[in-house]
Amino acid sequence: MLIISRALITFRCFNKFTVLRSLNLPRPVISVKCKTTITSIDYSVSSSVARSNWLVTNLSKEGKLIQARELFDNLCERDKDVITWTALISGYIRIGLIDEARKLFDRVDSRKNVVTWTAMLNGYIRSDRIVDAERLFVEMPVKNVVSWNTMVDGYMQNGMVDKAFEVFDEMPERNVVSWNTMLTALVQCGRVEDARALFDKMPKKDVISWTAMVTGLAKNGRVDEARKVFDRMPERNVVSWNAMITGYAQNMKLDEAFDLFERMPTRDLSSWNGMITGLIQNGELRRAERLFNEMPCKNVVSWTTMITGYVQSEQSEEALKIFAKMLAEDRVKPNEGTFVSVLSACSNLAGLVEGQQVHQTIVKTVYRRSEIVVSALINMYSKCGELNIARRMFDDGLISHRDVVSWNGMIAAYAHHGCGEDAISLFKKMSDLHFKPNDATYVALLSACSHSGMLEEGLRYFDELVRDKSIQVRDDHYACLVDLYSRAGKLKEAFEFIVRLGIKPSVSVWEALLAGCHVHGDVILGKLVAKKILDTEPENAGTYMLLSNIYASKGKWRNAAKVRLKMKDKGLKKQPGCSWIEVENKVHVFVPWVLCPNSEENPTSSRNLESASSPGKCLVFGVGGSDRLLDGRHFKKFSKSRADLLNKEYDQQFPLCSLTWILKAKGCCELGNKLDVLLRRLSIEVKQLK
């Protein structure tokens, strides 16, 4: 009966027929239970006005604004009231046509009340037009508590906390929503002390107030205080439990989080998803997987969380398997985040065929024009070697939806392929079209200059970056410039640049210089730089390996052995790199091979070289390190010009990589012998392995 009474109050301006229809009750209930109540309805509003309001309101809510406006314009004045006007104005605001809503709002014949004014105010705030919202708020003839709350929330959404406080203090009356709005906003911007003070002053707290305080304390690392507040809560809902569990997970207290998760009286999907996310963030992928399999019901967030977890853990094949299982679930459809993670998995695997299949799935969805999805497609095609398709995606897939992220993605694609001139050309086009570059743009641009050996251009763009005070120069930019100097052989200039920085450089900056020392065989500087890195990260296995290889490249085998022995004593291991190719729908993975004199399984033996000479077979050998071997011989240097000669000899393109060459031998008879002759002709220095 209470529900019926509330419905009658809500629709008090409707006629008897409209009220009964709005309640949507069975006929016996209407005839018996509502008989006495109907007589109390206000019939001062005509049935035609009520009918008009119902139609305009529903059409507006459904987004059918053309039909709603046509109906509105055809109504005579006596069939329209303030509800009709407010419904249409709210409809325009709902679909983002804020200026059209304002035109209707400003009409001389418009009928407005405080609800209409507040709807217009909320529209400006939702459209990030805070100045217009301020102006309208000042003009409001009457304000209620909802209007004040809306303005406070608007300031908070725009990061104007002090202005929000001013409005909050001016409020003639406050309800619990007012306090919660202010409290939540303070928590979100990290002002925990102010939030705690406000929380303690609240005359009345509800479950939202308590939960907001728990969330704020936990997000700022004060998880023990958050637990005390949680334990004091007079009542808890599932959101409160989720907030505390998430707080524990974010602060790496997985046992406490899991204990609380097990004690929850009821769990919703957010509970399961939050616990799985916490496990993944703390590197507990296997536990997350078990929990995922135990879920009674999964939504798109559950699947996407697991896919993202596998991608972040460099298990891209598992990510694709999970995605395939997800597609088999007819009830769950991928969203924007799902596609971005799956495309990242394809990129990591250089899985062009899989990426194309995902692309075909995207084409059939509403996300085919999404900026973030198209940017992920550009990245995928670029990393799979299809730069032309990536550019076509950029040109055609983002005709009217380009943002700075998509421009950055395409510039980064050119950088990845060493196409510095194309990257610079695109950067200029970006500026001509009035897109403002950000810090990520300059990282991609400087990388492009570095990979293409364009020293002068890179220095010019770095200087441009430093002069742009709206962009903060970060370690990635410094590392790019050091890499630019190093690739050009200017190791001294790179070192002097780091010294002049005036700040303590990150490890990534020193690592860029160490890589340059490795390429150019500078033992003295390499030793100094390695010490700088190991002082900060003594367990950095990659640094030990590079230093060892620098010694080996100069024939200092004893020094190299000492470095490796020290590495072994510390229990450090460098994850070996690998290369792979796909032949006839099969992926072949190759890893560096350490030659054992008595081994019969040497992959570079003449027997295996012969087997590799048949069509479709592959031969893999490494270049440039002390453990890069081919048929018992050691190679020291292998330049781009020599690679070009190889391409010409075999009429086959061999990609130039830092560690590994992959030669596709298509119909090359006696490949082992021909390769040996060719390498001698190229004057590659060889040494008998001691």
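Around M120, under 9 Å between beta carbons, what's the net of Lys plus Arg minus Asp minus Glu among the other residues?
Details: positive: R102, K112; negative: none.
For residues surrounding M120, the net value is +2.
Could you give the size of the charge dipole of region 65-122 about its Cα centre, using +1 on the Cβ of each K and R and -1 on the Cβ of each D and E, expressed in debye and rounded to the nearest 20?
On the way: 9 positive and 9 negative charges, 33 e Å.
With only Lys, Arg, Asp and Glu charged at Cβ, the dipole is about 160 debye.
Filter the trypsin sites (Lys or Arg not before Pro) in region 428-522 down to the DSSP loop ones having no more than 10 other Cβ atoms within 10 Å, then list what survives. Don't jump to the answer; show the numbers that get you there.
Values: sites: K428, K429, R460, R467, K469, R474, R487, K490, K492, R500; in loops: K469, R474, K490.
Sites meeting the loop and neighbour criteria: K469.
Report Rg (one decimal) and Dmax (nearest whole number) for region 145-259, counting Cα atoms only, units Å.
Using the Cα atoms of region 145-259, the pair Rg, Dmax is 14.4, 47 Å.
Taking 10 °C and 1.306 mPa s as the conditions, I'd like the Stokes-Einstein D for region 387-527 in µm²/s, using the Kirkwood hydrodynamic radius from alpha carbon pairs. Let's see the in-between values first.
Details: Rh = 15.7 Å.
D, rounded to a whole number, is 101 µm²/s.
In terms of modelled amide H atoms, which long-range or inter-chain residues lie less than 5 Å from the amide H of N251?
Here nothing satisfies the definition.
Write down the Kirkwood hydrodynamic radius of region 309-361, to one decimal in angstroms, obtained as one divided by the mean of 1/r over all alpha carbon pairs.
On the way: mean 1/r = 0.0908 Å⁻¹.
Taking the inverse mean of 1/r over all distinct Cα pairs, region 309-361 comes out at 11.0 Å.
For A350, list long-range residues whose amide hydrogen, built 1.01 Å from N in the peptide plane, is under 5 Å from its own amide hydrogen.
Here the answer is none, since no amide H 5 or more places off falls under 5 Å of that of A350.
Give a residue-ordered list of calculated ³J(HN,Hα) values for region 188-194 (Karplus: 6.51 cos²θ - 1.76 cosθ + 1.60, θ = phi - 60°; whole Hz; x for Gly, Pro).
Ordered by residue, 3J(HN,Hα) equals 5, 9, x, 8, 5, 4, 5 Hz.
Take each of the peptides 199-210, 247-258, average the number of other beta-carbon atoms within 10 Å over its residues, and list them starting from the highest.
Working: 199-210: 14.8, 247-258: 19.7.
In descending order of packing, they fall as 247-258, 199-210.
What does the highest-first list of 293-302, 276-285 look like by mean Cβ count within 10 Å?
Highest mean packing first, the order is 276-285, 293-302.
Loop-only GluC sites (Glu not before Pro) in region 171-246, please: DSSP not H, G, I, E or B, and at most 10 other Cβ atoms within 10 Å. Don't jump to the answer; show the numbers that get you there.
Working: sites: E173, E193, E225, E235; in loops: E173, E235.
Filter output for region 171-246: E173, E235.
Answer with one residue from A440, I389, F462: the one whose Cα lies farthest towards the positive end of the charge dipole of region 354-503, charges on Cβ with Lys, Arg +1 and Asp, Glu -1.
Checking the options against the dipole of region 354-503, the answer is I389.
Of S316, C297, V358, which is farthest on the positive side of the dipole of region 273-365, counting Cα position, with +1 on Lys and Arg Cβ, -1 on Asp and Glu Cβ, and the Cα centre as origin?
Selected residue: C297.
Tell me, what is a quarter of the convex hull surface for the C-alpha atoms of region 477-575, in nm² with one decimal? Can you show the working numbers first?
On the way: hull surface 23.9 nm².
Over every viewing direction, the Cα hull of region 477-575 projects on average to 6.0 nm².
With viscosity set to 1.306 mPa s and temperature to 10 °C, compute the Stokes-Einstein D of region 245-352, Rh being the Kirkwood radius across alpha carbon pairs; µm²/s, no decimals.
Values: Rh = 14.2 Å.
Diffusion coefficient, whole number: 112 µm²/s.
Whole-Hz ³J(HN,Hα) for each residue in region 482-491, computed from phi via Karplus 6.51 cos²θ - 1.76 cosθ + 1.60 with θ = phi - 60°, x for glycine and proline: what do you get?
With coefficients 6.51, -1.76 and 1.60, one gets 4, 5, 4, 4, 5, 5, 7, x, 9, 5 Hz.
Short version: ³J(HN,Hα) in whole Hz for each residue of region 92-100, in order, from phi by Karplus 6.51 cos²θ - 1.76 cosθ + 1.60 (θ = phi - 60°), x for Gly and Pro, what are they?
3J(HN,Hα) across region 92-100, in whole Hz: 4, 5, 4, 9, x, 8, 5, 5, 5.
Any idea what log10 I(q)/I(0) is at q = 0.13 Å⁻¹ for region 328-473, Debye with uniform C-alpha scatterers and no solvent?
Ignoring solvent entirely, the Cα scatterers give -0.59.
Every number here is computed from the coordinates shown, using simple stated rules; none is lab data. From a predicted model like this one, the values you see are computed outputs, not experimental measurements. Reconstructed Cβ throughout: ideal geometry from the backbone, glycine too, with neighbour counts over all protein chains shown.
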